[in-house]
Every structure is written in structure tokens, then in C-alpha cells.
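Okay, so here's the structure we're looking at.
The values are calculated or read from the model by the stated rules, or taken from the named source; none is laboratory data. Not measured: the values here are computed from a predicted model. Virtual Cβ from ideal backbone geometry, glycine too; neighbours counted across all protein chains shown. Accessible surface areas use protein heavy atoms only, side chains included; no ligands, DNA or RNA. Shrake-Rupley method; radii C 1.70, N 1.55, O 1.52, S 1.80 Å.
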Amino acid sequence: MLPSLEKAAKFYGGGMSASRAMVLNISSMVGSICNTGVNFTHDLAVPGYKISKAALNMAMRIIAANVKDKGILVVNMCPGWVKTDMGGRDRAELEPHESIANMLQTLPTLNESHHGTYMDRLGKPIPF
């Protein structure tokens, strides 16, 4: 994937953006080990999911640092609590189309200042 991203970044030139060369990772709020809103350390529900999202966030921080000079934008984004089979159709807050619409509105606004960040679907930063 990296050679294709490098080629796109060179072809389109002129700063980082979703329309140039971008890696968007779908993460989750539960992947934040800094999140003070919920005490995830005492919640043993789906620990593998939470650990894998924290690992994704860290992996992308490393990758972001290594591709910054190549013009490839790297962003981790939480879509919110979406009504899916995995997310809990009865308890979740967002319909899939709402989450997707929010993400699609946010993507064009992203630039170099968002490189390597972790954010919600509206672009609000989430602490790692």
C-alpha cells in the first residue's frame, strides 16, 4: 500500500489532504487509554476489542511519524456508537448512515494539522 500512497502524494502535490493520499483508520473511543469519561479498566467486556483498538492507535502513531515527510495523511477516527450487530442495535446512539455522513463531512476538512491524530467522526480530538 505504501508505494501507491507515495505515488498519489507525489502526483497530487501541495500539502496533506483526504483527496491527496490518506490512511483513515476506524478506531473506537474504547481504544483510548487516556479516556477519563469511562473507567474501562474495570470493565472486562470484550477486552480483546479494546486492546486491539489501542494497538491500532499506537501502530498508526508510529506509521504517521514515518510517513509525514512523504505527504501521506494518517488519521484515526471513531465513528461513534453505531447501531450494528457488534455495536448493539438497541443501545447504540447512531444509525450507520448518520455516522457515515458525519465522517464524510469531516474528511474534506482534514489537513497537515490533523496528521497522526485520533478524533471522533466530527473531527473533535480524542486523547490517546
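Run down 101, 59, 18 and say which single residue is more than 13 Å from residue 121 (Cα to Cα) and outside any loop (DSSP other than H, G, I, E, B).
Numbers: 101 fails: more than 13 Å from residue 121 (Cα to Cα); 18 fails: outside any loop (DSSP other than H, G, I, E, B).
Among 101, 59, 18, only 59 is more than 13 Å from residue 121 (Cα to Cα) and outside any loop (DSSP other than H, G, I, E, B).
Can you tell me which condition residue 95 does not meet? The list is (1) at pLDDT below 90; (2) open to solvent by 30 Å² or more (accessible area, probe 1.4 Å), and all the others hold.
The failed condition is (1).
For residues in the range 107-128 being assigned to a loop (DSSP other than H, G, I, E, B) and at pLDDT 95 or above, which is most open to solvent (accessible area, probe 1.4 Å)? Walk me through it before giving the result.
Going through the range 107-128, the residues assigned to a loop (DSSP other than H, G, I, E, B) turn out to be 110-111, 115-116, 121-124, 126-128.
Those left that are additionally at pLDDT 95 or above: 110-111, 115-116, 121-124.
Numbers: 110: 6, 111: 55, 115: 30, 116: 17, 121: 47, 122: 108, 123: 26, 124: 134 Å².
Top of the filtered list is 124.
Could you please let me know if residue 45 is among the small types (Gly, Ala, Ser), open to solvent by less than 60 Å² (accessible area, probe 1.4 Å) and either at positive phi or modelled with pLDDT of 90 or more (or both)?
Values: among the small types (Gly, Ala, Ser): yes; open to solvent by less than 60 Å² (accessible area, probe 1.4 Å): yes; either at positive phi or modelled with pLDDT of 90 or more (or both): no.
Against the criterion (among the small types (Gly, Ala, Ser), open to solvent by less than 60 Å² (accessible area, probe 1.4 Å) and either at positive phi or modelled with pLDDT of 90 or more (or both)), residue 45 does not qualify.
Matching residues to (1) in a helix (DSSP H, G or I); (2) surrounded by fewer than 18 Cβ atoms within 10 Å (Cβ to Cβ):
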{"position": "67", "(1), (2)": "yes, no"}
{"position": "75", "(1), (2)": "no, no"}
{"position": "86", "(1), (2)": "no, yes"}
{"position": "90", "(1), (2)": "no, yes"}
{"position": "105", "(1), (2)": "yes, yes"}
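Scan the range 22-39 and tell me whether some residue there is farther than 16 Å from residue 127 by Cβ, surrounded by fewer than 12 Cβ atoms within 10 Å (Cβ to Cβ), of a type outside the set (Asp, Glu) and free of Cβ contacts under 8 Å to residues at least 40 places away in the same chain.
Scanning the range 22-39, I find no residue that is farther than 16 Å from residue 127 by Cβ, surrounded by fewer than 12 Cβ atoms within 10 Å (Cβ to Cβ), of a type outside the set (Asp, Glu) and free of Cβ contacts under 8 Å to residues at least 40 places away in the same chain, so the answer is no.
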